[in-house]
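The values are calculated or read from the model by the stated rules, or taken from the named source; none is laboratory data. Just so it is clear, the structure is predicted and the values come from calculations on it, not from any experiment. Here the Cβ positions follow ideal geometry from the backbone for every residue, glycine too, while neighbour counts run over all protein chains shown. Accessible surface is based on the protein model in full, side chains and every heavy atom, while ligands, DNA and RNA are left aside. Shrake-Rupley method; radii C 1.70, N 1.55, O 1.52, S 1.80 Å.
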Amino acid sequence: MPLHDAQRLPVATCRLQLHREFPFGALTSLVPYLEALGISDCYCSPIFLSAPGSTHGYDVNDYRRIDPELGGRSGLEALHGALAERKMGLLLDFVPNHMGINGPGPFNTWWQDVLEGGRHSPYARFFDIDWNENAITGRAQILVPILESPYGRVLADGKLTLAFDASGLAVNYGEQRFPLRPQSYAKILSELGEGESDGGGPELRRLSIELGTLPRPDANEDAAAAKARATRLDTLKRELAELLERQPRLRERLDACLRRCNSDHAVLHEIVADQHYRLASWKTGVHETNYRRFFAIDTLIGMRMEIPEVFQECHALLARLVREGLATGVRIDHIDGLRLPRQYLARLQTLIGGGSGGARPVYVAVEKILARDETLPTGWQTHGTTGYDFITQLSGLMVEARHEQAFTAAYADFTHSVPSYAEVVYEKKRIVLDELFANAVNSLTDALGRILADDLSWRDLTQHELRVGIRETMAALDVYRTYREGEEPMSEEDRRIVTAACAAAIRRNARLDPQPFELVRDALTGDYPGADGPPEERRRLAGWALDFQQYTGAVMAKASEDTAFYTYNRFIALNEVGGDPARFGDSVDAFHAAAADRARRIPHGLIATATHDTKLGEDARARLYALSELPHEWFDWVDEWRRLNATHKTMVDTHPAPSADEEYRLYQVLLAVWPPEDPVPDDTFRDRIRQYLRKAVSEARQNTTWIHPNTAWLEAGDRFVDAL
């Protein structure tokens with residue numbers, strides 16, 4: 001059961017989005033107003049150091065610092081003082097799943113160290129990276145898909161340059177900095193040791209030799225040796241910087257050498273290609289990124305919070321803030337991305353002061369989207385979720401269930417299609433698995449194939465069969481993820497979910513051999529190799545199951561929230577994060593039953609009517625809830641609008657744009673957001689609708705995508721909005 005006690009329990013929270021234009025100081029000035037509203041606790045977006053200018057804070061790049069753009073420690077203390085004076089609390093949003101790795105200069109020092117030191121950097125184990133050899137280079141490199149164009153074109157255009165600054169030698173790309181490995185230093189500096197005999201020549205030669213002979217990382221190297229090597233490298237780089245500061249002519253020769261390298265693309269490529277990373281076009285990341293990402297965002301890298309050292313390093317400041325009373329509760333972002341969520345929550349309570357010695361727990365809420373009839377897993381030390389499920393219960397109360405068939409018929413008449421929402425999600429999962437998570441599926445396939453190579457009963461299964469079994473089982477899951485931890489047995493509920501997914505995958509692929517699907521099922525549940533299987537094989541398969549589980553939440557989110565929600569447009573008030581568009585209204589009794597169940601199981605979970613993730617605001621949804629009571633008026637309106645606006649569409653590749661589905665969604669949006677005080681909208685409103693339609697059609701991935709924009713289709717949508 002979730003936790004029912006806490007050192008402080010929030011009563012009414014207001015979420016505040018902090019950023020450079022709304023820092024701690026701005027929030028502090030609002031505290032009296034929030035108190036007057038009855039708010040007991042301010043619920044803040046992430047406050048740890050994030051990308052410069054970040055508007056959200058979820059791209060944290062240093063867990064050990066409070067973001068100075070928000071006001072730093074002093075700003076937080078001032079906010080705390082204003083809250084404490086009114087006996088109000090502060091709920092902090094914390095992001096354990098991922099870090100940001102995209103920013104100017106030496107952005108994210110841990111990541112920079114990995115780029116410089118490779119797989120045996122002291123921080124390499126902090127990030128969830130697959131260090132298998134790259135097929136192109138034959139070396140274990142991190143793919144960095146950051147370039148605006150293919151690598152060769154960027155190189156030829158002179159957009160990659162070698163440079164030296166206080167942090168050492170690096171490849172610069174715009175404002176981004178990529179450090180060179182020590183052996184590259186030796187190669188460049190050795191050229192400076194020849195020629196005129198400037199002062200500092202002997203010291204330069206010594207540094208060049210030491211950098212060139214610095215012990216290379218070794219697979220058996222322990223953490224202490226790795227840190228010692230990293231410390232020595234930092235010392236040598238500092239000595240080099242000091243030498244160049246003392247010897248201006250030597251610095252001039254270095255700059256001249258770098259200019260020669262930058263002008264010779266063959267030489268420059270040789271240096272760039274010799275690094276622990278491979279710079280590539282941003283499009284390459286879609287299929288080949290070799291690290292776990294947050295959803296499909298290349299600039300947000302997954303963290304390995306299951307490793308005690310990583311957990312401690314990332315949570316030390318958070319724990320200090322809680323123990324000092326500056327924070328009175330924690331909201332955990334994307335709990336489904338963690339490898340071992342139950343273990344994580346137990347460690348969190350122990351660290352922040354509520355998990356040992358009989359102390360009362362600290363309030364913790366988790367961002368977890370529950371499917372219909374799903375409950376939080378047993379044993380999680382949390383007070384509940386962040387309340388997305390309440391939005392679904394609210395829509396069930398407000399939407400007129402008896403008009404479902406009428407709205408379904410109207411949607412079918414307008415779009416000439418009657419899709420099943422479950423099938424729409426399945427098809428979208430297939431698309432995102434192929435387009436956004438192909439490398440994850442390939443990695444899972446390769447790993448399972450390596451495990452089975454030692455099993456004579458299964459080694460004849462082909463990579464193709466395994467890949468299809470993995471992809472189709474993942475696509476068939478009807479929840480965000482399951483929660484088997486390690487070699488322990490899978491819970492009966494999760495076993496039921498995986499078994500049902502396997503059966504659905506076999507049914508949808510009736511022409512294929514069912515054995516690969518059944519193997520994937522049994523590997524996930526632990527039935528294969530079973531309790532009597534070889535211990536090493538059991539351990540490796542349990543690890544494989546954890547890898548599988550970490551990806552399914554992201555796949556479900558991208559397929560449902562970010563794709564299906566924009567293509568299944570029967571009644572878009574239901575297309576909400578945590579919602580179920582197939583569920584058209586419910587009874588008053590069902591709403592009360594859900595409230596009673598919540599009071600019994602998770603009485604202190606958050607109850608949200610809107611979040612930073614919701615697709616529509618509360619007022620927009622409220623209008624559409626009311627619309628569910630007026631089916632016939634709605635049908636008359638959309639039929640008239642369709643006839644009036646048919647001439648405003650544009651033929652794009654023999655298809656009218658926008659499509660009927662896009663048009664039907666647009667009419668609902670317009671009704672939901674039309675300003676009541678102004679029958680003739682201004683340019684700001686018109687532009688906002690244009691941008692919304694562009695976003696909706698791009699997310700839908702039917703007629704255009706973010707990666708490959710169909711400009712003609714997008715411009716046709718702009719013209720349609722202007723004409724309306």
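Annotation: of all residues in region 391-400 being assigned to a helix (DSSP H, G or I) and open to solvent by less than 40 Å² (accessible area, probe 1.4 Å), the one that is farthest from Val95 (Cα to Cα) is Gly396. Selection of region 60-87 for residues being out of contact with any helix residue (DSSP H, G or I) (no Cβ under 6 Å at 6 or more places or on another chain), of a type in the set (D, E, K, R) and more than 17 Å from Phe22 (Cβ to Cβ) yields Asp62, Arg65, Arg73, Glu77, Glu85, Lys87. Taking the numbered list (1) of a type outside the set (Val, Ile, Thr); (2) closer than 17 Å to Ala26 by Cα; (3) free of Cβ contacts under 8 Å to residues at least 60 places away in the same chain in turn, Leu90 passes all entries but (3). When we screen Arg507, Arg511, Arg481 for residues that are open to solvent by 20 Å² or more (accessible area, probe 1.4 Å) and either at pLDDT below 95 or in a loop (DSSP other than H, G, I, E, B) (or both), the only hit is Arg511.
On the stretch given as region 667-677, residues that are over 22 Å from Asp639 (Cα atoms) and open to solvent by 50 Å² or more (accessible area, probe 1.4 Å) total 2.
Close Cβ contacts (under 7 Å, 6 or more residues apart or on different chains) running from residues in region 375-393 that are without any contact (Cβ under 8 Å) to a residue 40 or more places away in the chain to residues that are open to solvent by 20 Å² or more (accessible area, probe 1.4 Å) and not in a loop (DSSP other than H, G, I, E, B) comprise Gly379/Arg342. For region 636-657, the candidate set comprises residues that are touching a residue at least 40 places away in the same chain (Cβ under 8 Å), of a type outside the set (D, E, K, R) and touching a strand residue (DSSP E or B) at 6+ places or on another chain (Cβ under 9 Å); within that set, the residue that is most open to solvent (accessible area, probe 1.4 Å) is Thr650.
Within region 492-504, being surrounded by fewer than 18 Cβ atoms within 10 Å (Cβ to Cβ) and not charged (D, E, K, R) holds for Thr499, Ala500, Ala503. Does Glu662 satisfy being surrounded by 15 or more Cβ atoms within 10 Å (Cβ to Cβ), in contact with a helix residue (DSSP H, G or I) (Cβ under 6 Å, 6 or more places away or on another chain) and more than 17 Å from Thr415 (Cα to Cα)? Criteria not met by Glu662. Looking only at region 221-261, filter to residues that are acidic (Asp, Glu) and outside any helix (DSSP H, G or I); which one of those is modelled with the highest pLDDT? Top of the filtered list is Asp222. Pairs linking a residue in region 505-525 that is polar (S, T, N, Q) to a residue that is open to solvent by 40 Å² or more (accessible area, probe 1.4 Å), with Cβ atoms under 6 Å and 6 or more positions apart or on different chains, are Thr525/Arg495.
Under the condition of being more than 12 Å from Tyr151 (Cβ to Cβ) and of a type in the set (Ser, Thr, Tyr), the residues counted in region 278-291 number 2. Restricting region 636-677 to residues that are in a strand (DSSP E or B) and within 13 Å of Val721 (Cβ to Cβ) leaves a set whose member that is farthest from the chain's Cα centre (by Cα) is Thr650. Of the residues making up region 84-128, those that are within 16 Å of Val310 (Cβ to Cβ) and among the aliphatic types (A, V, I, L, M) are Val95, Met99, Ile101, Val114, Ala124. Restricted to helices (runs of 4 or more DSSP H) entirely inside region 534-635, those with at least 1 residues that are surrounded by 22 or more Cβ atoms within 10 Å (Cβ to Cβ) are 535-560, 618-627. Every test in (1) touching a residue at least 24 places away in the same chain (Cβ under 8 Å); (2) loosely packed, with under 15 Cβ neighbours inside 10 Å; (3) not polar (S, T, N, Q) is passed by Ala475 save one, and that test is (2). Limited to region 678-694, what total is found for residues that are assigned to a helix (DSSP H, G or I), of a type in the set (Val, Ile, Thr) and open to solvent by 20 Å² or more (accessible area, probe 1.4 Å)? Residues that pass the stated criteria total 1. Looking across region 341-390 at every residue that is among the β-branched types (Val, Ile, Thr) and open to solvent by less than 30 Å² (accessible area, probe 1.4 Å), the one that is farthest from Thr614 (Cα to Cα) is identified as Ile352. Of all residues in region 6-60, those that are in a loop (DSSP other than H, G, I, E, B), surrounded by fewer than 16 Cβ atoms within 10 Å (Cβ to Cβ), modelled with pLDDT of 95 or more and among the polar types (S, T, N, Q) total 1.
Of the residues screened, Gly100 is one that is open to solvent by less than 10 Å² (accessible area, probe 1.4 Å) and of a type in the set (Gly, Ala, Ser).
Which of the residues spanning region 318-339 are assigned to a helix (DSSP H, G or I), over 13 Å from Asp93 (Cβ atoms) and over 13 Å from the mean Cα position of the chain (by Cα)? Across region 318-339, the qualifying residues are Ala319, Arg320, Val322, Arg323. So is Ala531 on the phi < 0 side of the Ramachandran plot, modelled with pLDDT under 95 and open to solvent by 30 Å² or more (accessible area, probe 1.4 Å) or not? Yes: the conditions hold for Ala531. If we scan region 244-253, do we find a residue that is closer than 29 Å to Ala124 by Cα, open to solvent by less than 70 Å² (accessible area, probe 1.4 Å) and in contact with a helix residue (DSSP H, G or I) (Cβ under 9 Å, 6 or more places away or on another chain)? There is no residue in region 244-253 that is closer than 29 Å to Ala124 by Cα, open to solvent by less than 70 Å² (accessible area, probe 1.4 Å) and in contact with a helix residue (DSSP H, G or I) (Cβ under 9 Å, 6 or more places away or on another chain). Kindly check whether there is at least one residue in region 86-97 that is at pLDDT 95 or above, crowded, with 16+ Cβ neighbours inside 10 Å, under 30 Å from Pro10 (Cβ atoms) and more than 25 Å from the chain's Cα centre (by Cα). Yes - at least one qualifying residue is present in region 86-97. Say whether the condition of being touching a strand residue (DSSP E or B) at 6+ places or on another chain (Cβ under 8 Å) and within 26 Å of Met490 (Cβ to Cβ) is met by at least one residue in region 553-564. Looking through region 553-564, at least one residue is touching a strand residue (DSSP E or B) at 6+ places or on another chain (Cβ under 8 Å) and within 26 Å of Met490 (Cβ to Cβ). Considering region 256-274 alone, what residues qualify as being open to solvent by 50 Å² or more (accessible area, probe 1.4 Å) and in contact (Cβ under 8 Å) with a residue 12 or more places away in the chain? Matches in region 256-274: His265, His269, Asp274. Say whether the condition of being over 11 Å from His276 (Cβ atoms), in contact (Cβ under 8 Å) with a residue 24 or more places away in the chain and over 27 Å from the mean Cα position of the chain (by Cα) is met by at least one residue in region 117-125. No, because not a single residue in region 117-125 is over 11 Å from His276 (Cβ atoms), in contact (Cβ under 8 Å) with a residue 24 or more places away in the chain and over 27 Å from the mean Cα position of the chain (by Cα).
Which ones in region 275-284 are part of a strand (DSSP E or B) and buried (at least 19 other Cβ atoms within 10 Å of the Cβ)? Within region 275-284, Tyr277, Arg278, Leu279, Ala280 meet the criteria. Residue pairs whose Cβ atoms lie under 8 Å apart, separated by 6 or more positions or on different chains, with the first residue in region 411-436 and free of Cβ contacts under 8 Å to residues at least 24 places away in the same chain and the second exposed (fewer than 13 other Cβ atoms within 10 Å of the Cβ), are Ala412/Val418.
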